Amino acid sequence: MKIIMDEQNMIRAVASSSNSSSMVSSKKYDVFLSFRGEDTRKNFTSHLYEALKQKKIETYIDYRLEKGDEISAALIKAIEDSHVSVVIFSENYASSKWCLGELGKIMECKKERGQIVIPVFYNIDPSHVRKQTGSYEQSFAKHTGEPRCSKWKAALTEAANLAAWDSQIYRTESEFLKDIVKDVLRKLAPRYPNHRKELVGVEENYEKIESLLKIGSSKVRILGIWGMGGIGKTTLASALYDKLSPEFEGCCFLANVREESDKHGFKALRNKLFSELLENENLCFDASSFLVSHFVLSRLGRKKVFIVLDDVDTSEQLENLIEDFDFLGLGSRVIVTTRNKQIFSQVDKIYKVKELSIHHSLKLFCLSVFREKQPKHGYEDLSRSAISYCKGIPLALKVLGASLRSRSKQAWECELRKLQKFPNMEIHNVLKLSYDGLDYSQKEIFLDIACFLRGKQRDHVTSILEAFDFPAASGIEVLLDKALITISGGIQIEMHDLIQEMGWKIVHQEHIKDPGRRSRLWKHEEVHDVLKYNKNLVNLKTIDLWGSRDLVEIPDLSKAEKLESVSLCYCESLCQLQVHSKSLGVLNLYGCSSLREFLVTSEELTELNLAFTAICALPSSIWQKRKLRSLYLRGCHNLNKLSDEPRFCGSYKHSITTLASNVKRLPVNIENLSMMTMIWLDDCRKLVSLPELPLFLEKLSACNCTSLDTKITQQQVLQHMLQSRIPYLRKHYLKCYDEEYFFPGDHVIDECRFHTTQNSITIPYLQKPELCGFIYCIILSMGPLLECDVSCSVYQDGIRVGWLERLLEYENLISDHVVILYHDISEFDKISEVHDHFFSNITFIFENNEDRITEFGVFPVYASESGLKLVGSKEIFE
């Protein structure tokens, strides 16, 4: 038993030690047919020959009538040039010295050349052949005196004792022929061992894939083979096809579906697929509808077929080739290879092809470059450097190996140095096919990850990309499905080195000689060169120097006319900063712990993050930034006041302010920021009061601001809601889903007529006219809030007519807190009326998943000529 390739220990051939693989693969014929012409030429043998021909088995058949006693030299050559001899023993086979001479030569080749012999007993008792009785005894009686008789008899006995096929145990000749052909295919397969070097390492995949295919099952199964470009999907599918196809009644390997469909269209591909499955019939389908006749489908439904659809790129391609896999016969198998996981809606299992191990990478590379399994002496270290560059990608190993074949060590060293700057274009072009299939935003996301964000946590990457208005979540999913990125440890975005290199090359080609004109810069020397010498900064949009702890200054950015964002987070050596830009929108200085002074001149500034810096005061110019939306000052422990006389200008829309913990007061005229919608004051424990709140403020978070007076603050918030916020909501027909005010407090103010420490309260009746809604004051006990869900269900006569829910989260409340919410009447279902002017039996039930509610109050809100009023006294209801 000789193993043809040690990587494929399942592929073996029976051969003598002297029989080399080159001898096995150089045979001219697959099968030699030995038969008695007058017995079977016009019936069984002709049928067998045609069946073998349909399976593309190269078969030698001697159409000449036997003449003389000696077989010709040409016939001897044909026997020697065949992998398998099929000997058809019929009633008069032994009467022909020609046939007996063929058999003698066949058995000689079996012994000396390892030829496979398959005996077939056609309408003859095998024992007559084995023991030379019956018609075979009569035939040998005619050969009396022939010196070769004993040799022929020995050949007959030996052949008849081999594993054979007997027509007498079959009901029909068609079944008999089918089994013989299957046996021939099965025995021929090992005689064509795949010596392609790219098969190194695939044995690790065979068992897993065959288990997924469940070859013994009668169900139709579809397997997807998925992975990045060049990873070996096609090679693996080809090897599986070669190995498994003999077990099926019909087979088709449809290669390069993506490319062929672009060149020739789906009609040509589908014609080829169905024609091959139906034994080369010339089928034509309607070009517009791709309809296949019921007759064709019913025929395929009776065949066990094996189909490989290679390099399918879209779901449309798959559907246009095989719209419904259910029409395939029992036991059929389909393999689909692709780079795009999104097409696998119909498959049963998906197998992801992984990179080769270092051992197999070295072996494949050496076979490519040296045509040996080990590095050539003196090239060991260079070979290891080469496979380190390829990172287990078979295509890269083969291409690089071929490019270095027969070259000197100096040429190797030069080529490997070159690869550090310039990727191999053959590898690049194959990998780039996946990139070319992305849309604009997906390409931008891919290039950002390749240049800046590889190795970062997925949530962090998503937030950065979304800040630039990219559809990050869906874009990342597409990159995952196209095997352009992976997720490591469940959270970290990773990318193969060669794919990252491909992304770098794409950016580099935007402007080869002038880095300043490219869309992205990531190499330190290029960034330094561009910034130091102001090189057409004109295209610069983003600067991200996160974590550059030794950075002490940045250059003049006044010429960066398109600059939108500068991030200098954790640049801990930066003491002062001046950014002169007309276009800058976002400046992030989070964690610049040495920064004491800064100046930014842009009037386009929308977000400024100074959290955890050493600044002592804010320049008054900050309050003149008309477009400023977000200002973060958390952890600014040196900041005691915002400014002496802040002059607020214009309308600040959707502003967010986070203050340092030691700020005692907000500027009195913060109310002039009329469009400010949110303020965060968490942990400002020295904050003693709030000024009048901005007109459109909808969210206030003052968690752990324990110096605030709870009664005054509750009254102030209620006044703000009645005078500003609720009238605005009603005027503009807006919902109030985000209305939320959260600050310390251990009780509902006494002015609230309807309050309780239970979980529900019922208002017997309410006047209908001018009822606007309800304000809820809810007291929560101290402690951590971990996804604290607070809800209010409103019932009338036992039927729920309204519902409001909020999710509150905070690390730890050091005292009881009050949360104030507004519930507009427009959000209720229709409330039935007892009379024209009254609602009856309105019940409010407050619930919390952490059981933290200690008290709550309900304020009905009514409109009047003088404005909105809170109803809380008994007299109003009377």
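Here are the numbers for the structure shown:
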| item | result |
| --- | --- |
| Per-peptide average of other Cβ atoms within 10 Å, ordering 446-457, 595-606 highest first | 446-457, 595-606 |
| Whole-Å semi-axes of region 203-352's equivalent ellipsoid (Cα gyration tensor) | 23, 19, 13 |
| Shape category assigned to region 101-162 from the gyration tensor of Cα positions, a/c cut at 1.5 | oblate |
| Stokes-Einstein D in µm²/s, Kirkwood radius over Cα pairs - region 311-367 at 25 °C with 0.890 mPa s viscosity | 177 µm²/s |
| Rg over Rh [alpha-carbon atoms, Kirkwood Rh] for region 94-200 | 1.07 |
| Debye log10 I(q)/I(0) for region 423-510, one point scatterer per Cα, at q = 0.12, 0.22 Å⁻¹ | -0.31, -1.06 |
| Over 24 Å between alpha carbons, listed pairs Lys263/Lys513; Lys182/Lys303; Lys532/Lys562 | Lys263/Lys513 |
| Per-residue ³J(HN,Hα) for region 148-153, Karplus 6.51 cos²θ - 1.76 cosθ + 1.60, θ = phi - 60°, Hz, x for Gly and Pro | 8, 4, 5, 5, 5, 4 |
| Distance from region 695-718 to region 772-835 (C-alpha centre basis), Å | 17 Å |
| Relative compactness, the chain, computed as alpha-carbon Rg over 2.2 N^0.38 Å | 1.44 |
| Principal axes of region 358-421: Cα extent on each, largest first, Å | 25, 23, 17 |
| For region 423-510, with +1 on Lys and Arg beta carbons and -1 on Asp and Glu, the positive-most of Val507, Gly475, Tyr440 along the dipole | Val507 |
| Where the chain is the region considered: accessible area per residue in Å², 1.4 Å probe | 48 Å² |
| Considering only the chain, percent of DSSP beta bridges that pair antiparallel, nearest 5 | 50 percent |
| Per-peptide average of other Cβ atoms within 10 Å, ordering 399-409, 248-258 highest first | 248-258, 399-409 |
| Protein accessible area in the chain, 1.4 Å probe - carbon and sulfur % | 49 percent |
| Dimensionless Rg ratio for region 498-616, taking C-alpha atoms and the 2.2 N^0.38 Å reference | 1.10 |
| Mean Cα-pair separation over length for region 203-352, i.e. relative contact order, pairs under 8 Å, 6 or more apart, % | 40 percent |
| Rotationally averaged projected area of region 149-282 (alpha carbon convex hull; nm²) | 13.3 nm² |
| Distribution of pairwise C-alpha distances over region 716-868, 5 Å bins, in % | 2, 8, 19, 22, 20, 16, 8, 3, 1, 0 |
| Highest to lowest packing among 224-235, 477-488, scored as the average C-beta count within 10 Å | 224-235, 477-488 |
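The values are calculated or read from the model by the stated rules, or taken from the named source; none is laboratory data. Every value quoted in this text rests on a predicted model; they were computed, and no experiment measured them. When we count neighbours, we look across all protein chains shown, and the Cβ atoms used for this are built from the backbone with ideal geometry, even at glycine. Areas reflect the complete protein model, heavy atoms only, side chains present, ligands, DNA and RNA absent. Shrake-Rupley method; radii C 1.70, N 1.55, O 1.52, S 1.80 Å.
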